[in-house]
Amino acid sequence: SVFNVPFTEKSSPGSTPALSDSSLQSDDEEFESVDALEIYDLISSISDPEHPLTLGQLAVVNLEDIQLDDSGNPNEIAEVIIKITPTITHCSLATLIGLGIRVRLERCLPPRYRIIIKVKEKTHQSENQVNKQLNDKERVSAACENDQLLKVISQMLSSCK
Amino acid sequence: MSLSLVHTFTGHTDKCWATSIHSKLPLLATVSGDRTCRVYNLETKRLIVVLDDDSHSKTLSSVEWKPTGEFPSLAIGSFDSTISIWGNEEAVLEDEDNWTLMAIIEGHENEIKGVSWSHDGVYLASCSRDKSIWIWEADDNNEEFECVFVVQEHSQDVKHVTWHQHENVLASSSYDDTVKLFKQDDYDEDDWVNVADLTGHEGTVWSSDFEKKGERVTRLSSSSDDGTIRIWKILHAADDQPSIDSKLPSTIKTDTNQDMWELETILPIIHHGPIYSVAWGENGYIASVGSDGRIVVYKELNSKEWQIIISQPHSHGVYEINNIKWHGDRLITAGDDGLVKLWELAL
């Protein structure tokens, strides 16, 4: 399964761009520069872990809550900030949803994008805690090596094109 | 002043999380999400061995050479919550057959984030997402590791541990935004006392490093998710109280079982985003790396004033840099591109 190794769809680290797989590279070129709408399309089709609806349909992700800081230069680091709106303020699945979004984007976007995911202000009772966890590199990496968690995320992402 | 690239060590197929340089031998160890540890000869730049016999099932997050012993050995910490100890039982460094797995240490409940040996090689400290730090006593042959103490002072993940280069003082950095210092108890060597809490960072503290000057603890640098590096200074240690103290009744003295530390300064802010690693060189310079891919080197002008002498963006292309180490006037960095780079400081 593609989930055995985290970040399988990214160009393989360890090789310079010139040496990376040509099919991966053309993917990168396709996404050389993305806009907020493209990011919305990538994540709005993710399924909610407990409803038979997508994050777009539930308005957990919204186009106006996607912010991009990108010079467009493929050699520069760019930043994507996504604010999610949990359906209820005590939503225990907020971190799982955020992780699903992060995994989706890390697999689809070139490595120059730094992805910052936050819950929208005042939409979650443990806002700071959720934000800290979602943006902790080690915790996210470790989560991506957790088979059970990856199974749930793969389910959430199965509705994506 | 600038950095020139001396060599790039390739081979990891996933993020490189940490590196360690042997204190006496020209050995470099690097660990990665690809679950291998690569050992290089730093002089010839040749790969000596890849330690990957499936002893770990998850990311290797941390590595450190033991500073003592007749033959080289190292500890590797993994997200699979175990530590492995490897060693070379011959003096021939180039032969990969001589490297063997000597021990697997179990005890932590979750991912191990850091491992560090005390200066005398007697103790190995490990820290984990399970909020604890374990102190293991090692024998000379690296066959027996006995847990002598478990520190449970942090309220969240412990991200990094490091020992002072001469004293048995341990600094730990945490997701709870603090750095804590621990010292062996004077009366019970198996007891470790929390002698100071350094608070002020407004985000996860990712790493810390002691100043390399003198025999005693002087200052500590710490790097954080809040984008700052702080310099902390010890005012006086618990064990050298002013003489007036000895005249106080013991009930009052119990409170002074603490080292007094103060925030000396915050280094000039230049990083954007988390600073994953800070290193204090024997040359007195401090170097840092983080999510923004920048290598920054700071020079001290006077005790409160530091100047940025190098700020090099895109040091690993567009990738994040996880770790930085000094090796004389050279620097070694490890990135999400899986590469390990050796740099020379061109003064």
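Here are a few things to note about the model shown:
- Pairs, first over 17 Å from A:Glu76 (Cα atoms) and more than 14 Å from chain B (Cβ to nearest Cβ) in region A:100-112, second open to solvent by less than 10 Å² (accessible area, probe 1.4 Å) and part of a helix (DSSP H, G or I), C-beta under 6 Å, six or more apart: A:Gly100/A:Ile153; A:Gly100/A:Met156; A:Ile101/A:Ile43; A:Val103/A:Ile153; A:Arg104/A:Ile43
- Residue in region B:56-71 that is free of Cβ contacts under 8 Å to residues at least 24 places away in the same chain, within 25 Å of B:Ser118 (Cα to Cα), hydrophobic (A, V, I, L, M, F, W, C) and more than 14 Å from chain A (Cβ to nearest Cβ) present: yes
- Residue that is in contact (Cβ under 8 Å) with a residue 24 or more places away in the chain and either away from chain A (no Cβ under 14 Å) or not in a strand (DSSP E or B) (or both), where the choices are B:Gly77, B:Gly114, B:Gly107: B:Gly107
- If the condition is being away from every other protein chain (no Cβ under 14 Å) and more than 17 Å from B:Gly114 (Cα to Cα), then region B:1-21 contributes B:Met1, B:Ser2, B:Leu3, B:Ser4, B:Val6, B:His7.
- B:Glu211 being over 19 Å from B:Ser62 (Cβ atoms) and in contact with a Phe, Trp or Tyr (Cβ under 6 Å, 6 or more places away or on another chain): yes
- Criterion (in contact with a Phe, Trp or Tyr (Cβ under 8 Å, 6 or more places away or on another chain), of a type outside the set (S, T, N, Q), open to solvent by 10 Å² or more (accessible area, probe 1.4 Å) and more than 14 Å from chain A (Cβ to nearest Cβ)) met by exactly one of B:Val193, B:Val151, B:Val169: B:Val193
- The residue that is most open to solvent (accessible area, probe 1.4 Å), counting only those in region B:83-98 that are within 14 Å of B:Cys37 (Cβ to Cβ), of a type outside the set (A, V, I, L, M, F, W, C) and out of contact with any Lys or Arg (no Cβ under 9 Å at 6 or more places or on another chain), is B:Glu96.
- Any hit, region B:96-104, residues being under 30 Å from B:Thr44 (Cβ atoms) and in contact with a Pro (Cβ under 7 Å, 6 or more places away or on another chain): no
- With respect to the conditions (1) open to solvent by 50 Å² or more (accessible area, probe 1.4 Å); (2) under 17 Å from the mean Cα position of the chain (by Cα); (3) over 25 Å from B:Leu42 (Cβ atoms), B:Glu144 falls short on a single one, namely (2).
- Index of the failed condition, B:Gln258 passing every other in (1) at pLDDT 95 or above; (2) in a loop (DSSP other than H, G, I, E, B); (3) over 19 Å from B:Lys213 (Cα atoms): (1)
- Of all residues in region B:330-347, those that are open to solvent by less than 30 Å² (accessible area, probe 1.4 Å) and outside any strand (DSSP E or B) total 4.
- Residue tally, condition closer than 18 Å to B:Asp209 by Cβ and not in a strand (DSSP E or B), over region B:117-144: 2
- When the test is whether a residue is in contact with a Gly (Cβ under 6 Å, 6 or more places away or on another chain) and at pLDDT 95 or above, A:Ile66 does not pass it.
- From the options A:Glu50, A:Glu38, residue that is surrounded by 14 or more Cβ atoms within 10 Å (Cβ to Cβ) and of a type in the set (Asp, Glu): A:Glu38
- When residues of region B:36-57 are limited to those that are touching a Leu at 6+ places or on another chain (Cβ under 6 Å) and under 15 Å from B:Ile83 (Cα atoms), the one least open to solvent (accessible area, probe 1.4 Å): B:Cys37
- Filter result for B:Asp130 (open to solvent by 10 Å² or more (accessible area, probe 1.4 Å) and either more than 25 Å from B:His164 (Cβ to Cβ) or in contact with a strand residue (DSSP E or B) (Cβ under 6 Å, 6 or more places away or on another chain) (or both)): no
- Test for B:Ser250: is it among the hydroxyl-bearing types (Ser, Thr, Tyr) and modelled with pLDDT under 95: yes
- Among (1) open to solvent by 50 Å² or more (accessible area, probe 1.4 Å); (2) more than 18 Å from A:Asn75 (Cα to Cα); (3) within 14 Å of chain A (Cβ to nearest Cβ) - the single one B:Ser277 does not satisfy: (1)
- In the set B:Glu202, B:Glu144, only one residue is modelled with pLDDT of 95 or more and among the acidic types (Asp, Glu); that residue is B:Glu202.
- Of the residues making up region B:278-310, those that are farther than 23 Å from B:Thr204 by Cβ and of a type in the set (Gly, Ala, Ser) are B:Gly281, B:Gly284, B:Ser303.
- Members of region B:198-212 found to be in contact (Cβ under 8 Å) with a residue 24 or more places away in the chain and either within 14 Å of chain A (Cβ to nearest Cβ) or open to solvent by 30 Å² or more (accessible area, probe 1.4 Å) (or both), listed by number: B:Gly200, B:His201, B:Glu202, B:Gly203, B:Thr204, B:Val205, B:Trp206, B:Ser207, B:Lys212
- For B:Val161, the conditions (1) within 16 Å of the chain's Cα centre (by Cα); (2) of a type in the set (A, V, I, L, M); (3) surrounded by fewer than 21 Cβ atoms within 10 Å (Cβ to Cβ) all hold with the exception of (3).
- Scanning region A:128-154 for residues that are more than 9 Å from every other protein chain (Cβ to nearest Cβ), under 25 Å from A:Thr85 (Cβ atoms) and either hydroxyl-bearing (Ser, Thr, Tyr) or out of contact with any helix residue (DSSP H, G or I) (no Cβ under 9 Å at 6 or more places or on another chain) (or both) gives A:Asn128, A:Ser154.
- Lone qualifier among B:His314, B:His327 - being within 14 Å of chain A (Cβ to nearest Cβ) and open to solvent by 30 Å² or more (accessible area, probe 1.4 Å): B:His314
The values are calculated or read from the model by the stated rules, or taken from the named source; none is laboratory data. Note that this is a predicted model, so its numbers are computed, not measured. For neighbour counting, all protein chains shown are included, and Cβ atoms are generated from backbone atoms with ideal geometry for every residue, glycine included. Please note that ligands, DNA and RNA were not included when accessible areas were found on the heavy atoms of the full protein model with its side chains. Shrake-Rupley method; radii C 1.70, N 1.55, O 1.52, S 1.80 Å.
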